[in-house]
Amino acid sequence: MKYAGEELFKDFTLNGYWWIPSAPEGAAYGTLSYSVDRIKLRLDRAVTPELNTAYRVGGVKIPVILGRANDSSSVTLLGAFYWGSQGDEIDLLANEIIVGAHLDSARAAVREAVVGFSNLEEWTASQLVQQSAGDGDAIARFLVIKDSNPKLQVSALPRLKTLTLSTDLQVSHNLVETKLTNQSRFTLEFNHPATLQAVTDSVRSLGNLLALLIDEPIQPTNIRLTMQLEPTGPDVFANYAIPPRVRLPKIKPEFEMLLPLDDLRQTNVAETLFNNWFQKEQDLRPVYDLLLSTIYSPGPYVQSAFLSLSQALESFHRRVYEGKYISDDEYSSIRSALTNAIPVGTNKTLSDKLTAMLQYGNELSLKRRLEYLFGGIRRDHLNNLSGMDDSQRFIRLLVNIRNFLTHYAGKKPSILENSVEMYNLNRRMAALLKLLIFKYLGLPEDLVFVPIVGHLRLF
């Protein structure tokens, strides 16, 4: 049996009484409807006076609404706001829902979160059932393996005491069918009681890494919280859901994935990768966001994707290697001299522009940054991924396209007239960026090059 909120991609409805924490005596009866697109609460009357006079969407915001469903479930809605009304009935929408507890979003009470992701079972690829020929009256025998050892366990991460990946069997049956299904889950044990925002950030970070490893958009499919609401009280369990507002990603076979778990475990780099991902995540999050935007929202606009990828490469170098022509102390005196050299009486707007430009004058150009980054890749690997045997020509191409798309001045690179060639170029840039990221996170170049070049998928 599936309980309300247990699966983020499953619709459910709860009827019951709803109120705001400061006025439980004003509870109203209503129906909560959860779908992939939204959380909607229809009340038979207003639970605050402001709702009686609301007339525009978002005109009234209610941070927390508590509820008691007819099945006795405690429910919390977070980030609710006015949506519309008809007669006495009032419709609200909400951003988040907790089924199983009453909780303020700012309260640090989450001790542990168990999270499932789309395609996690395929990425883990654990064979827990083995079939063999039967004997006697048995046509076949099935051996169910209970592997109590986690597939992956990493300790002492930012915010997390341990991160554990485990797989077991989910059994469902009726009179004519018995079904055994692998169920893989990450367990996030926090160092200290965490807020829901900290849970969301950790789930997002983990999902981003899986998206790169699987080379496909990844979504959390369920989030089960273990909370301690009172200092000496028992653990409270609840389902936490935010509408994904996207379709459930398609199932992807293990052999189509960029780096499945078995590949990482066979080379003993899985723990290193996950540890470094979380340790360096704050520094590299802007780079990840730019790269993943081309995976989650590929879209038809190859120019926009190119700008995101070129910015990601530039940001990666800046955040990992910084990149200055000379030391800041040396440049400080040069900058002062150049600023003072602006003639007196120069138009103030121009003077301010020149002064602002000098602020960043010591930072490496995109060309120099790309030379540094690509210089760290094996020559044959770089030639293969770039599609050219001249790295300087490839770098000039990237710089010229970026400059034109940024300023729309000068000669237009001819490749911009060909969407297919631009798509292929974007694929090559994304492949090079993935190689650089995985190398920085501790994976050998030889390990990641073969699957990356195999996933170029050029037209």
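The values are calculated or read from the model by the stated rules, or taken from the named source; none is laboratory data. As the structure is a prediction and not an experimental result, all values here were calculated from the model. Glycine also receives a Cβ, built like all others from the backbone with ideal geometry; neighbour counts cover every protein chain displayed. SASA here: full protein model, heavy atoms, side chains in, ligands and nucleic acids out. Shrake-Rupley method; radii C 1.70, N 1.55, O 1.52, S 1.80 Å.
For this structure, a couple of remarks:
- None of L163, L152 is more than 18 Å from the chain's Cα centre (by Cα) and modelled with pLDDT of 70 or more except L152.
- Output for the range 1-60, where each listed residue is aliphatic (A, V, I, L, M), surrounded by fewer than 18 Cβ atoms within 10 Å (Cβ to Cβ) and either in contact with a Cys (Cβ under 7 Å, 6 or more places away or on another chain) or not in a strand (DSSP E or B) (or both): M1, V36, V57
- Filtering the range 377-391 to residues that are among the acidic types (D, E) and assigned to a loop (DSSP other than H, G, I, E, B) leaves D389, D390.
- Residues in the range 155-168 that are in a strand (DSSP E or B) and open to solvent by 10 Å² or more (accessible area, probe 1.4 Å): S155, A156, K161, T162, T164, S166, T167, D168.
- When L206 is tested against the conditions (1) in a loop (DSSP other than H, G, I, E, B); (2) open to solvent by less than 10 Å² (accessible area, probe 1.4 Å), the lone failure is (1).
- Tally, over the range 432-459, of residues that are open to solvent by 10 Å² or more (accessible area, probe 1.4 Å) and hydrophobic (A, V, I, L, M, F, W, C): 8
- Some residue of the range 397-418 being without any contact (Cβ under 8 Å) to a residue 40 or more places away in the chain, in a loop (DSSP other than H, G, I, E, B), of a type outside the set (D, E) and open to solvent by less than 40 Å² (accessible area, probe 1.4 Å): yes
- Of all residues in the range 281-301, those satisfying the criterion of being open to solvent by 20 Å² or more (accessible area, probe 1.4 Å) and part of a helix (DSSP H, G or I) are Q282, D283, R285, P286, D289, L290, S293, T294, I295, Y296.
- Each residue in the range 166-224 was checked for being in contact with a strand residue (DSSP E or B) (Cβ under 8 Å, 6 or more places away or on another chain), of a type in the set (V, I, T) and within 28 Å of L78 (Cα to Cα), and 7 pass.
- Evaluation of L307 against the conditions (1) open to solvent by less than 30 Å² (accessible area, probe 1.4 Å); (2) within 27 Å of the chain's Cα centre (by Cα) shows that the sole unmet condition is (1).
- Qualifying positions in the range 384-408 - in contact with a Gly (Cβ under 9 Å, 6 or more places away or on another chain) and closer than 24 Å to G454 by Cβ: S391, F394
- Checking each residue in the range 216-233 for being among the charged types (D, E, K, R) and either within 19 Å of P260 (Cα to Cα) or open to solvent by less than 30 Å² (accessible area, probe 1.4 Å) (or both) picks out only E216.
- Cβ pairs under 8 Å, 6+ apart, first in the range 322-333 and closer than 23 Å to A312 by Cα and touching a residue at least 40 places away in the same chain (Cβ under 8 Å), second open to solvent by 100 Å² or more (accessible area, probe 1.4 Å) and part of a helix (DSSP H, G or I): G323/R368; G323/Y372
- Meets criteria (open to solvent by less than 70 Å² (accessible area, probe 1.4 Å), farther than 24 Å from L259 by Cα, out of contact with any helix residue (DSSP H, G or I) (no Cβ under 7 Å at 6 or more places or on another chain) and among the acidic types (D, E)) for E363: yes
- Restricting attention to the range 61-73 and to residues that are touching a Phe, Trp or Tyr at 6+ places or on another chain (Cβ under 9 Å) and in a strand (DSSP E or B), the residue that is most open to solvent (accessible area, probe 1.4 Å) turns out to be K61.
- In this structure, T76 does satisfy being under 34 Å from the mean Cα position of the chain (by Cα), open to solvent by less than 20 Å² (accessible area, probe 1.4 Å) and not charged (D, E, K, R).
- Among residues that are under 17 Å from the mean Cα position of the chain (by Cα), within 30 Å of L14 (Cα to Cα) and of a type in the set (D, E, K, R), R245 is included.
- The residues listed here are F449, F394, F459; of these, the one that is in a helix (DSSP H, G or I), out of contact with any Pro (no Cβ under 9 Å at 6 or more places or on another chain) and either small (G, A, S) or farther than 26 Å from N268 by Cβ (or both) is F394.
- Residue match in the range 222-234 (condition: outside any loop (DSSP other than H, G, I, E, B) and under 16 Å from the mean Cα position of the chain (by Cα)): yes
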